[in-house]
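Reviewing the structure listed below.
The values are calculated or read from the model by the stated rules, or taken from the named source; none is laboratory data. Computed from a prediction, not measured in an experiment: that's the story for all the values here. Quick reminder, even Gly has a Cβ in these numbers, built from the backbone with ideal geometry, and neighbours come from all protein chains shown.
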Amino acid sequence: MPRELLDEIFSLDKGIRYISILNFRGAHLEGGMRPGTVSLNPENEENKLFLQATVSRGMSESWSRHFGAFKFSIISHSKLNIFQIPYGENVLLVTTEPDIRLSITEDIHRIVESYKRKSPRESLR
């Protein structure tokens, strides 16, 4: 994921904590924590979160033939939100502060779709 895409998403709101692109197996490909932000999850649990995000995407997409194309999902916890957005064959995982407006997911989705139109090969990594 190019630095410009990361920077554009991070620039939407200071409440965006983390952005990562994950492959279909849940492996972290690129991205990271906003500088100066402390992670809430134990490092040894990170892979579970990544795998859950990719499994969740697959399960959500299985409903596409009935509900239309999968755009994103939101998981809200008391300490943070987790957004999962398709990025080609991969998943864009974004975590935010809990008080961020949830409609920011639409803004992130638009940025990702715009980027995919500009760089279609990049979105399929």
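Applying the condition of being closer than 18 Å to Gly88 by Cα and among the aromatic types (Phe, Trp, Tyr) to the stretch 43-67 and asking which residue is modelled with the lowest pLDDT yields Phe50.
For the subset of the stretch 60-87 comprising residues that are crowded, with 17+ Cβ neighbours inside 10 Å and polar (S, T, N, Q), which member is farthest from His109 (Cα to Cα)? I'd like the intermediate steps shown before the answer.
At the first step, the residues of the stretch 60-87 found to be crowded, with 17+ Cβ neighbours inside 10 Å are 70, 72-73, 80-87.
Filter again for polar (S, T, N, Q), leaving 73, 81, 84.
Numbers: Ser73: 11, Asn81: 15, Gln84: 10 Å.
Selected residue: Asn81.
Remark: pairs (first residue in the stretch 72-99, closer than 13 Å to Gly26 by Cα; second residue of a type in the set (D, E, K, R); Cβ separation under 6 Å; 6+ apart in sequence or on different chains) = Gln84/Arg57; Val91/Arg57.
The one condition from (1) surrounded by fewer than 16 Cβ atoms within 10 Å (Cβ to Cβ); (2) modelled with pLDDT of 80 or more; (3) within 25 Å of Tyr115 (Cβ to Cβ) that Leu40 does not meet is (3).
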